[in-house]
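Asks: Dropping the structure in here first, questions after.
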Amino acid sequence: MEIIAALDFDDINKAKELVKKVGSNIFYYKVGLELFVSSGPSIIDWLKSENKKVFLDLKFHDIPNTASRAVSAAANYGADIINIHTQGGKQMMQKCVEELQNECSRKNLAKPLLIGVTVLTSLDDNHLIEYSINDFSAAGYVLKLAGFAKECGLDGVVSSAKETKIIKENLGSDFITVTPGIRPAGADITDQKRVVTPKDALHLGSDYIVIGRPITAAKDPAYAAELILKEINE
Ligand code: C5P
């Protein structure tokens, strides 16, 4: 299991500072909406120059033509993982898979993993009820969306680690699970709802865990990352 640290900052210098502080403990970094919108793509070049792997978390959700063109453009940045929303529909997912493959073969680019966001970890069963989504639970709905993602040729999904087991059991162990909503025992849950500890995520079979504030908001982010790694490896 790999740890992805979420660089949720509004300033590229703060992001670089965090990466330098954490050092060799973490290899994967997530560039999400806040950092990308405020700083642009240069953070990706910088992370690559530091030999880090990049998850570009822009969660594209639009009509098939627009979403697939955005995915192709993202592939040119050299990101290792990119994502789209599974709720954008099967046609959108299929077109994104197709265009990504075409763009990578045309330009001889390494193909990034294309991952589908299912139900955000900040939502729970109450959201499904409020939105009249006729499913039993977040887990059931996540599995349905993950099944569509697999059918459309995506490499895996973003979900809570609470759903990793059911996804792997139903869709195969090589279908990748990227799981945010990670909180070490006793940490502040903040706006997340479907949370899991790093150690439990490992036991549940997550391939990647995404950790933001438990590292970025810590007084000593390097120490926070070290403690999480220690907890996982114990
Ligand atoms: O600070 P925290 O650990 O809650 O950060 C989690 C990160 O993962 C955020 O950058 C958030 O955008 C992202 N994320 C999420 N839930 C998803 C997909 C991405 O929390 N389903």
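Asks: At what distance in nm do the modelled label points of LYS111 and GLU151 sit from each other, each positioned 7 Å from its Cα along Cα→Cβ?
Replies: Spacing of the two 7 Å Cα→Cβ label points: 2.1 nm.
Asks: For the chain, what is the convex hull volume of the alpha-carbon atoms per residue, in Å³?
Replies: 123
Asks: Can you give me the Cα centroid spacing of segment 1-59 and segment 131-182 in angstrom?
Replies: Measuring centre to centre over Cα atoms gives 25 Å.
Asks: Enter the accessible area per residue of segment 19-92 (Å², integer; probe 1.4 Å; all protein chains in place).
Replies: 43
Asks: Find out how many positive minus negative residues lie around GLY153, taking Lys and Arg as positive, Asp and Glu as negative, among other residues whose Cβ is under 12 Å from that of GLY153.
Replies: 0
Asks: With the cut-off at 19 Å, report for segment 183-234 the share of all Cα pairs above it, as a whole percent.
Replies: 21
Asks: Which whole-number value in Å² is the accessible area per residue of segment 177-221, probe 1.4 Å?
Replies: Heavy-atom accessible area per residue stands at 43 Å².
Asks: Now, a different point. Pick out, in residue order, every one of the chymotrypsin sites (Phe, Trp or Tyr not before Pro) in segment 139-211 that is DSSP loop and has at most 11 other C-beta atoms within 10 Å; say none if there are none.
Replies: For chymotrypsin sites (Phe, Trp or Tyr not before Pro) across segment 139-211 that sit outside H, G, I, E and B with at most 11 neighbouring Cβ atoms in 10 Å, the list is empty.
The values are calculated or read from the model by the stated rules, or taken from the named source; none is laboratory data. Remember, predicted model here, so these are calculated numbers, not experimental data. Backbone-built Cβ (ideal geometry, glycine too); neighbour counts: all protein chains shown. Accessible surface is based on the protein model in full, side chains and every heavy atom, while ligands, DNA and RNA are left aside. Shrake-Rupley method; radii C 1.70, N 1.55, O 1.52, S 1.80 Å.
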